Amino acid sequence: MQNKVKVLFVVSEFYQAGTQRFTYELDRSLNKEKFSVEILCLLPLNSSNRFTDYYYLKHLELGTKIHFIDEINQLTVPTFSQKIKKRLFRTPYADERIRIRSFFDEFDSISVMGEYNFKEIYKYLTPENRRKLLIHIQNSKYQVKQAYASFPKEEVFHFVSGFHNGQIESELSEFSTFKHTYFNLNFKFENTPNKDAYLKSTSPKIGIFTRLTQAKPLDPFIYAFQLVLDQIPNAEFHIYGSGDPEKEGVSRYVNQLNLQNKVFFRGHQESVTSTALQDNLDLVWLHGYHGLPGGWVGFDISTVKIPQLFWNFGKNEHAKSYPFFPMFNSLNDFANKSVEVLTQTEVAKNLANQQFLYTDEHYNIDKNIQVMEELYSSLEYSEKSKK
């Protein structure tokens with residue numbers, strides 16, 4: 001049997017967050033008859049007092065071998081014989097980092113899951129291993145201005161991201177040249193039910209799934225909800241996500257607008273889709289960036305056919321426009337479209353169906369995993385042809 005292509009994922013931790021989920025979706029979707037996957041984690045388990053290492057056991061259940069850098073990155077201690085040779089003949093010691101360098105030698109591809117993890121391993125990579133390197137972009141320089149500060153800009157790196165042509169040139173404008181493979185936040189569609197009734201409700205529910213943090217502002221949504229109430233007085237706004245609304249300043253907006261009996265903080269949810277269906281949400285509001293949902297939640301919600309509208313936080317001039325993912329920067333337009341979706345059942349049904357069809361075509365990993373399988377295989381072939 002032909003040897004499997006050996007892929008190493010480099011992660012920072014196993015929290016229940018975007019990059020970590022992306023890594024898990026890849027791990028469980030690659031054909032394990034052709035690919036073997038191992039993971040190098042840069043932080044010890046249980047290193048956070050806020051988040052649990054949710055995906056650690058998930059990867060182990062897949063049979064994935066997990067290493068921690070503190071265990072791999074051990075200095076090589078010279079033997080007594082080597083010490084004598086150095087003293088008598090000035091024979092230099094072997095590379096004290098030979099253990100971690102040799103570890104990377106074992107793999108055909110080294111996938112850095114998140115550009116922010118690059119600097120933690122690059123110094124240990126030989127020139128041969130740098131040619132195996134893939135950098136999965138998980139943020140944008142519009143979110144983190146110094147995202148690529150640690151990259152030597154004269155070197156040619158191979159990036160993997162959901163940026164289209166035009167967008168990626170803008171994103172990586174600091175680099176003189178680079179390689180790029182388009183692969184966005186694909187995930188496995190679960191066998192979940194869909195929303196099947198879009199009947200006009202006297203007390204419609206709007207929901208948002210997020211983390212309560214200043215990095216994900218909620219004030220435009222709360223102001224828009226006040227405008228919705230002018231037309232639908234019995235509407236409710238349910239805010240799902242971890243974080244303290246008082247400490248994060250969200251309650252201040254609610255109290256200023258006297259919406260305490262209309263806005264409900266529901267806390268962290270284990271399953272976004274299950275909660276959205278069980279609570280019978282009529283509309284979901286979310287953050288949008290560059291014309292698309294700003295994370296996994298938007299695509300998860302698409303799979304259960306609940307209509308969504310987005311407040312546009314990413315104003316990239318190269319962003320594509322997707323009419324079925326409506327983006328707004330006007331409170332009045334956002335509120336009016338929300339009222340239309342909540343009061344016209346055919347509008348709600350058609351919007352949800354278009355969002356489902358696009359997500360199924362472009363984000364269903366079972367349809368698109370061959371992109372990464374071909375890329376990993378080409379790296380293996382390229383390295384073997386050099387030997």
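The table for this structure:
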| quantity | calculated |
| --- | --- |
| Label point 7 Å beyond Cα of residue 32 along Cβ direction - residues of the stretch 38-68 with amide nitrogen under 13 Å | 38, 58-66 |
| Charged-residue dipole, Cβ positions (Lys, Arg, Asp, Glu), the chain about Cα centre, Debye nearest 20 | 1400 |
| FRET efficiency estimate (nearest 0.05) - Cβ-Cβ, residue 202 to residue 106, R0 51 angstrom | 0.20 |
| Pairwise FRET efficiency - residue 358 versus residue 145, Cβ, R0 = 25 Å, nearest 0.05 | 0.25 |
| Placed amide H near residue 68: partners under 5 Å, 5+ positions off or other chain | 41 |
| Rh by Kirkwood over Cα pairs, then Stokes-Einstein D for the chain at 0.692 mPa s and 37 °C, µm²/s | 141 |
| Separation in nanometres of the label points that stand 7 Å from Cα toward Cβ, at residue 246 and residue 42 | 3.6 |
| Extreme residue, positive dipole direction of the chain, given options 203, 285, 241 (C-beta unit charges) | 241 |
| Nonlocal Lys pairs with alpha-carbon distance under 16 Å, the stretch 205-363 (8 or more apart, or different chains) | 8 |
| Cα-based radius of gyration of the stretch 205-363 once divided by 2.2 N^0.38 Å, which approximates compact folds | 0.97 |
| Net charge over other residues, Cβ less than 10 angstrom from the Cβ of residue 64 (K, R count +1; D, E count -1) | +1 |
| Three-way shape label, the stretch 255-297, alpha-carbon gyration tensor, a/c 1.5 | oblate |
| Rounded to whole Hz, the Karplus (6.51, -1.76, 1.60) HN-Hα couplings of the stretch 365-372, x for glycine and proline | 5, 5, 8, 10, 4, 4, 4, 6 |
| Extension gain, residue 169 back to residue 98 (0.36 nm per residue minus Cα-Cα distance, nm) | 21.9 nm |
| Part-to-part distance (alpha-carbon centres) for the stretch 309-379 and the stretch 130-177, which is given in Å | 24 |
| Length-normalised contact order for the chain - Cα pairs under 8 Å, 6+ apart - percent | 15 |
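A short reminder: the numbers here are calculations on the coordinates, not readings from a lab. On a predicted model such as this, the values are computed, not experimentally measured, just so you know. Please note: Cβ atoms are built from the backbone with ideal geometry, for glycine as well, and neighbour counts cover all protein chains shown.
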